[in-house]
Structures are given as C-alpha cells and as structure tokens.
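Note sheet for the following structure.
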Amino acid sequence: MKATTEQAQRLKQVLEELGITQKQLAAEAGLCEKTISNIMVRKRALSPYVGKALQDRHGISRKWLETGAGSMSHTVYSNGKYAPLLESISRLLDDYCPEMVSLLERKNACERIFEIILNPKSAPPIHKGHL
C-alpha cells in the first residue's frame, strides 16, 4: 500500500513546522531514512510507527496525519471523554489566535486552557499574551 498524496503533503507540512529533517523523524520513529523518503514520494504507506512517533514526541494527531480529519495538534487528554472539548479549544485557537504559529505553542495553550477549565480555582491568572 502506498501513502496518499494528501498524507505525504501532511507529513511534509509537519516536518516543516517542526523544523526537523526526514533523518531526524526516522530516528525518532525507529525507521531508516529511506522509509520516510519513500512515504514522502508515495512509494510506501504511511507507517503507524511514524504516526505514533510524531504523536508521542511532538503532539501531532495520528488521525489528522492519516486522514486529515480533526486538528493537527494532539494532546495527552485527547483520547477519552474530553476529546470534544479539546477539539473545540483547538478550533478556537485556530480561529482567534492565528499568530500562534508553532505546534508547540498551540499544544501548550490548548493544555493550559484545558487545565483551567478542569480546575479554575488553582489556575494562576492569565496575562495577555502568556497562555
């Protein structure tokens, strides 16, 4: 099975946004660089190992990488009953905070908002620009 054009494009987008090389991703996923290269040129299917490595290490949604559905960002809370809430937070960040360019900024902001929702009394005050 071969990777689709869309999967290859999403993988390329992730590499560019994270600022990592195919070689770095291959090392993180425990694969050889040629495997990642073959995914990028659609000669090989997108490996579950690549999706898992990107999700575990960089917070990239495996579902988004494989299908394009949902948000690119994934948080540790997104598997379970809070998934709809996190998806809503992620969409709000996309709509109202377009200046948050990096995936790490989006992931940190999403998790911070989530924590505040779950435990508002213990959250420190939010200062403008410091989500």
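Every read-out reported here was derived from the displayed coordinates using simple, explicitly stated rules and does not represent laboratory data. Here the structure is a predicted model, which is why all the values come from computation and not from measurement. Note that we place each Cβ from the backbone using ideal geometry, even for glycine, and neighbour counts take in every protein chain shown.
At a glance:
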| quantity | calculated |
| --- | --- |
| Region 15-54, relative contact order in percent, only Cα pairs under 8 angstrom and at least six apart counted | 37 percent |
| Ranked by how many other beta carbons lie within 10 Å on average, peptides 29-37, 52-60 from highest | 52-60, 29-37 |
| Calculated Rg and Dmax of region 1-75 using C-alpha coordinates, Å | 10.8, 30 |
| For peptides 15-28, 38-51, sequence by mean Cβ density within 10 Å, most packed first | 38-51, 15-28 |
